[in-house]
Amino acid sequence: MKKILPFLIALSIFASCKKEVVKTPENLIKKEEMVNIMYDLSILEAMKIQNPASLDTFKINSNKYIYKKYKIDSVQFAQNNIYYAADYKEYKKMYEQVKARLDKNVIAVETSIKNQKKKDLLLKKAKKKLKIKKEADSIKKEKLKLKTTKEADSIKKIKERNLSL
């Protein structure tokens, strides 16, 4: 009994210390949706850094956009963000999901840019060939005109000689 009593005291201390660090918010956002919100915020922040005028041109406030899109308010977002951030390991996993999606998009964009450059190069080559062909055709037309003009002149000269004889 003397050995069990310290064990029960230690167990009760650990159990009483196992309180939630942060209370679960009333309007808990699902983890998947929170990941989507974090992803969208990352995209908007990247846009703000890369081309600040793009958001200003369309008068987009990134936070208001997110709140409207996900039908949440700033308090709900803040409470949920604190709640998820309280569990560091889970929050890190959520950020890893966001990072994986961003990396996937970067690869897709780079591939798209590469394909567009190939198309542009092929189009440029095709235009160059067309230009060369048009120039060749115009030279051919001019030569034909010149030949026709020479033939007409030579026929005219022959007629003039025949008339003068």
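Below are the figures for this structure:
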quantity	calculated
Hydrodynamic radius by Kirkwood, which averages 1/r over all alpha carbon pairs of the range 66-157, in angstrom	20.1
Using alpha carbons only: equivalent-ellipsoid semi-axes of the chain, gyration tensor based, whole Å	84, 19, 9
Relative contact order (percent, whole number), the chain, Cα cutoff 8 Å, 6+ residue spacing	24
Between 0 and 90°, nearest 10: helix 88-164 axis offset from the chain longest Cα axis	0
Angle between the chain longest axis and helix 4-17 axis [Cα atoms, degrees, rounded to 10]	40
Length released on extending from LYS141 to ALA108, taking residue separation times 0.36 nm less the Cα-Cα span	7.0 nm
In nm, spacing of pseudo-spin labels at THR24 and LYS127 (7 Å Cα→C-beta vector)	6.1
In degrees, nearest ten, helix 31-50 long axis to first principal axis of the chain (Cα)	50
For SER62, solvent-accessible area (1.4 Å; no DNA, RNA or ligand), Å²	10
Length released on extending from MET47 to LYS71, taking residue separation times 0.36 nm less the Cα-Cα span	6.4 nm
Exposed-site-free run, longest, the chain (rule: GluC sites (Glu not before Pro); DSSP loop; at most 10 other C-beta within 10 Å)	27-165
Accessible surface of ILE132 - all protein chains present, 1.4 Å probe, nearest 10 Å²	100
Rounded percent of accessible protein surface that carbon and sulfur make up, the chain, 1.4 Å probe	61
Of LYS31/LYS71; LYS71/LYS104; LYS31/LYS64; LYS99/LYS119; LYS23/LYS92, those spanning more than 22 Å from alpha-carbon to alpha-carbon	LYS71/LYS104; LYS99/LYS119
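The values are calculated or read from the model by the stated rules, or taken from the named source; none is laboratory data. Quick caveat, the model's predicted, so the values are computed rather than measured. Every residue, glycine as well, gets a Cβ built from its backbone with ideal geometry; the counts of neighbours run over all protein chains shown. Areas reflect the complete protein model, heavy atoms only, side chains present, ligands, DNA and RNA absent. Shrake-Rupley method; radii C 1.70, N 1.55, O 1.52, S 1.80 Å.
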